[in-house]
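A short write-up of the structure that comes next.
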Amino acid sequence: MVVPAARIVFDENDRAAVADAVTEILSTGALTLGPWTQRFENAFATEHGASHAVALASGTAALEVILRTVGVRGRDVVVPAVTFYATAGAVLHAGGRPVLADVDPATLALGPDTLRAALTPDTAAVVLVHIGGLITPDVDALRAICDERGIPLVEDAAHAHGSSFQGRPAGTFGLAGAFSFYPTKVTTSGEGGMIITESAELRDEARIYRDQGKGAFTANHHVREGASWRMSELNAAVGTVHLRRLKEFVETRRRVARRYDAALADLAGIEPITEPAGCRGNYYKYVALLPHGVDRARFKQALAEDHGVRLSGEVYDLPLHHQPVFADHRGGPLPVAEDVCARQICLPVHSDMTEDETDQVIEAVAAVHRRLAG
Ligand SMILES: *Cc1c(COP(=O)(O)O)cnc(C)c1O
């Protein structure tokens, strides 16, 4: 049996619900900015305890629109070095300068000290990323540092559908949260993104930006440098149907993670990134650091070839300051980011993962650990 690196879960009921929705959408001809988009926005806002939600074409567009609304052009935006390209890419698209910051090794997120070290007199915004769906217990301290200086905190919550800290959902800790519905994310719309916010003003701006900067849906005057960032009704239907499964998916993923926690505790030198007190993560990824000196490529190869266990991609194997495209934004060395990127692996977690699959992963990791790290 092979445990795949990723599995996208739409059961028969969900496929039928999407098929019905597609038939309806094609028969009415309302293909964009229609009732399904509104339904998806309302359901997503409710799920995350937010007052407003705006659906967009991608998570990257969601981030860019928030940053454009804040107004970061020509100014600095703090971004952790341990994140996906798009977090810093959105800053560039919005005309800002990413300032890459180091991270806390316990959470892979910005910490109060790494944030302070990256602030400049011209910081326009700070982007916090919930790596693997885990929310740092420092989130309120980070917010306080931003508030003291009047800098908006933005969440890149692309990993964090349904995650919470002290009962407060991802996306609600700062000015706004940006989510992605790329196929690998915990719930998907095929492609898509969502902004959630308490700010009615930001909601209105986001609606303008996503539709070519038009002042109104039917008007032809353009008041912002917007773009084609709408979500199609077809994607909104897929996203609405999938979102109904979020709680169940998170339960399953958390059950798998508890088994991995227990198993990895017995393996000398392996350091799982564990959930801090108060955090209830969605386990978009289960991250663990290999012991120093263990060859990650060999470890992964042995898991795949000898045990049929394929690991998903890391989050992330190269810190952003080492990505060629950010060469101009390279500050000093960021030692924690470099270390956690070099040593991490992500064990497979699927929204419908079986006990047998979980057992197979645990046995495989223990066997390869004995051979390569014992
Ligand atoms: C997936 C992802 C994004 C981008 O989302 P898209 O929908 O692919 O544009 C942004 N940030 C992080 C951390 C992501 O994982």
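Just so it is clear, none of the values below were taken in a lab; they were calculated from the coordinates. Only a predicted model underlies this, so the values are computations on that prediction, with no experimental measurement involved. Counting neighbours? That spans all protein chains shown, and the Cβs are built from the backbone with ideal geometry, glycine included.
Values as computed for the structure displayed
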{"quantity": "Within the range 216-253: backbone nitrogen closer than 20 Å to the LEU31 label point (7 Å, Cα to C-beta)", "calculated": "217-219, 227-240"}
{"quantity": "Share, in percent, of DSSP beta bridges within the range 12-243 that are antiparallel, nearest 5", "calculated": "50 percent"}
{"quantity": "Under the Karplus curve 6.51 cos²θ - 1.76 cosθ + 1.60, θ = phi - 60°, whole-Hz ³J(HN,Hα) for the range 135-148, x wherever Gly or Pro sits", "calculated": "9, 5, x, 7, 4, 6, 5, 5, 4, 5, 4, 5, 4, 3"}
{"quantity": "Cut-off under 5 Å, modelled amide H: who pairs with LEU33 long-range", "calculated": "MET231, GLU233"}
{"quantity": "Under 5 Å, built H, 5+ apart or other chain: amide partners of VAL77", "calculated": "ARG97, VAL99, ALA124"}
{"quantity": "Highest-first arrangement of 235-241, 181-187, where packing means the average Cβ count within 10 Å", "calculated": "235-241, 181-187"}
{"quantity": "Additional length obtainable on full extension of the chain from GLU148 to ARG73, 0.36 nm per residue less Cα span", "calculated": "24.8 nm"}
{"quantity": "Cβ crowding within 10 Å averaged over residues, with 141-148, 67-74 ranked highest first", "calculated": "67-74, 141-148"}
{"quantity": "Rounded to the nearest 20 debye, dipole of the range 12-243 from Cβ charges on Lys, Arg, Asp, Glu", "calculated": "460 debye"}
{"quantity": "Over the chain: helical MRE at 222 nm, DSSP H runs n ≥ 4 each giving -39500 (n - 2.57), nearest 500", "calculated": "-12500 deg cm²/dmol"}
{"quantity": "Using θ = phi - 60° and Karplus 6.51 cos²θ - 1.76 cosθ + 1.60, couplings along the range 152-158 (whole Hz; Gly, Pro as x)", "calculated": "x, 9, 10, 9, 8, 9, 4"}
{"quantity": "Whole-Hz ³J(HN,Hα) from phi, Karplus 6.51 cos²θ - 1.76 cosθ + 1.60, for the range 169-184, glycine and proline x", "calculated": "x, 3, x, 10, 8, x, 5, 6, x, 10, 10, 10, 10, 3, x, 7"}
{"quantity": "Distant-in-sequence amide H partners of ILE273 (H built 1.01 Å from N, under 5 Å)", "calculated": "VAL287, ALA288, LEU289"}
